[in-house]
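Colleague: First, the structure itself, so that you have it in front of you.
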Amino acid sequence: MIQKTKETLISSKNQELQSISTNSTQILAPYIIAENKAKNEPIIDEAIKNVEQVTKKVLGEGINVIDDMNNLPEGIPKFVDAYVDPKTNQIYINKEWAATVGAVTAAEHELLHKIQKSLFDTNPAKALELVEDF
């Protein structure tokens, strides 16, 4: 009987601890996300600036930077950090989401896709060589 009571009490206290842990995570999560976002934004801003310069100089075009992920154009996925629209070949940077998830190289990554596509379109033999090297 005493053993059973002890086990019940331990089980109850473990459930309480689990509940406290879950609640503290829910309370802290928004602060941790905000801190990470604030830390990542300057890095992302610098990356965007660099990619904008390259795309204007080399490709003669800009990139689309969306600060608020609720204002993404129709058809652009909401929870992606960056995206090249296959219809327009335009780069979109979802700055808010990229900062939130720490995707500080999202702009460079999308520029690389455009460079690869250009290589594949203009020099299929070189593209095949690149694929075979992987």
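Colleague: Check the range 75-96 and report whether any residue there is of a type outside the set (K, R), under 16 Å from the mean Cα position of the chain (by Cα), assigned to a helix (DSSP H, G or I) and under 25 Å from P30 (Cα atoms).
Modeller: Yes, the range 75-96 contains a residue that is of a type outside the set (K, R), under 16 Å from the mean Cα position of the chain (by Cα), assigned to a helix (DSSP H, G or I) and under 25 Å from P30 (Cα atoms).
Colleague: Counting only residues that are among the hydroxyl-bearing types (S, T, Y) and touching a strand residue (DSSP E or B) at 6+ places or on another chain (Cβ under 8 Å), how many does the range 14-67 have? Let's see the steps before the verdict.
Modeller: Initial filter on the range 14-67 (among the hydroxyl-bearing types (S, T, Y)): 19, 21-22, 24-25, 31, 55.
Filter again for touching a strand residue (DSSP E or B) at 6+ places or on another chain (Cβ under 8 Å), leaving 55.
Residues that pass the stated criteria total 1.
Colleague: Tally the residues that are part of a loop (DSSP other than H, G, I, E, B), at pLDDT below 90 and either under 17 Å from the mean Cα position of the chain (by Cα) or among the aliphatic types (A, V, I, L, M) (or both), restricting the search to the range 47-72.
Modeller: Total satisfying the criteria: 1.
Colleague: Scan V80, V101 and give me the residue that is among the hydrophobic types (A, V, I, L, M, F, W, C), under 21 Å from T55 (Cα atoms) and out of contact with any Phe, Trp or Tyr (no Cβ under 6 Å at 6 or more places or on another chain).
Modeller: Values: V101 fails: under 21 Å from T55 (Cα atoms).
Residue meeting the stated conditions: V80.
Colleague: Specify which of the listed residues (K114, K78) is surrounded by fewer than 13 Cβ atoms within 10 Å (Cβ to Cβ), charged (D, E, K, R), out of contact with any Pro (no Cβ under 7 Å at 6 or more places or on another chain) and in contact (Cβ under 8 Å) with a residue 12 or more places away in the chain. First the steps, then the outcome.
Modeller: Details: K114 fails: surrounded by fewer than 13 Cβ atoms within 10 Å (Cβ to Cβ).
Residue meeting the stated conditions: K78.
Colleague: When only residues in the range 16-46 that are within 30 Å of N89 (Cα to Cα) and β-branched (V, I, T) count, which is farthest from the chain's Cα centre (by Cα)?
Modeller: Ranking the qualifying residues of the range 16-46, first place goes to I43.
Colleague: Answer yes or no as to whether K87 is of a type in the set (D, E, K, R), more than 20 Å from S118 (Cβ to Cβ) and touching a Gly at 6+ places or on another chain (Cβ under 9 Å). Show your work before the answer.
Modeller: Working: of a type in the set (D, E, K, R): yes; more than 20 Å from S118 (Cβ to Cβ): no; touching a Gly at 6+ places or on another chain (Cβ under 9 Å): yes.
It is false that K87 is of a type in the set (D, E, K, R), more than 20 Å from S118 (Cβ to Cβ) and touching a Gly at 6+ places or on another chain (Cβ under 9 Å).
Colleague: Take the range 41-62 and flag every residue that is surrounded by fewer than 18 Cβ atoms within 10 Å (Cβ to Cβ), acidic (D, E) and within 23 Å of A99 (Cα to Cα).
Modeller: Residues of the range 41-62 surrounded by fewer than 18 Cβ atoms within 10 Å (Cβ to Cβ): 41-43, 45-46, 49-50, 53-54, 56-62.
Within this subset, residues satisfying the condition of being acidic (D, E) are 41, 45-46, 61.
Listed by number, the residues that qualify are E41, D45, E46.
Colleague: So, one more: Looking at this structure, is K13 exposed (fewer than 11 other Cβ atoms within 10 Å of the Cβ), modelled with pLDDT of 85 or more and under 19 Å from H113 (Cβ atoms)? Let's see the steps before the verdict.
Modeller: On the way: exposed (fewer than 11 other Cβ atoms within 10 Å of the Cβ): yes; modelled with pLDDT of 85 or more: yes; under 19 Å from H113 (Cβ atoms): no.
Against the criterion (exposed (fewer than 11 other Cβ atoms within 10 Å of the Cβ), modelled with pLDDT of 85 or more and under 19 Å from H113 (Cβ atoms)), K13 does not qualify.
Colleague: Sticking with this structure for a sec: Restricting the search to the range 113-127, which residues are over 29 Å from the mean Cα position of the chain (by Cα), assigned to a helix (DSSP H, G or I) and more than 21 Å from I91 (Cα to Cα)?
Modeller: Those that are over 29 Å from the mean Cα position of the chain (by Cα), assigned to a helix (DSSP H, G or I) and more than 21 Å from I91 (Cα to Cα): P124, A125, K126.
The values are calculated or read from the model by the stated rules, or taken from the named source; none is laboratory data. Since the structure is predicted, the reported quantities are computational estimates derived from the model, not experimental observations. Virtual Cβ from ideal backbone geometry, glycine too; neighbours counted across all protein chains shown.
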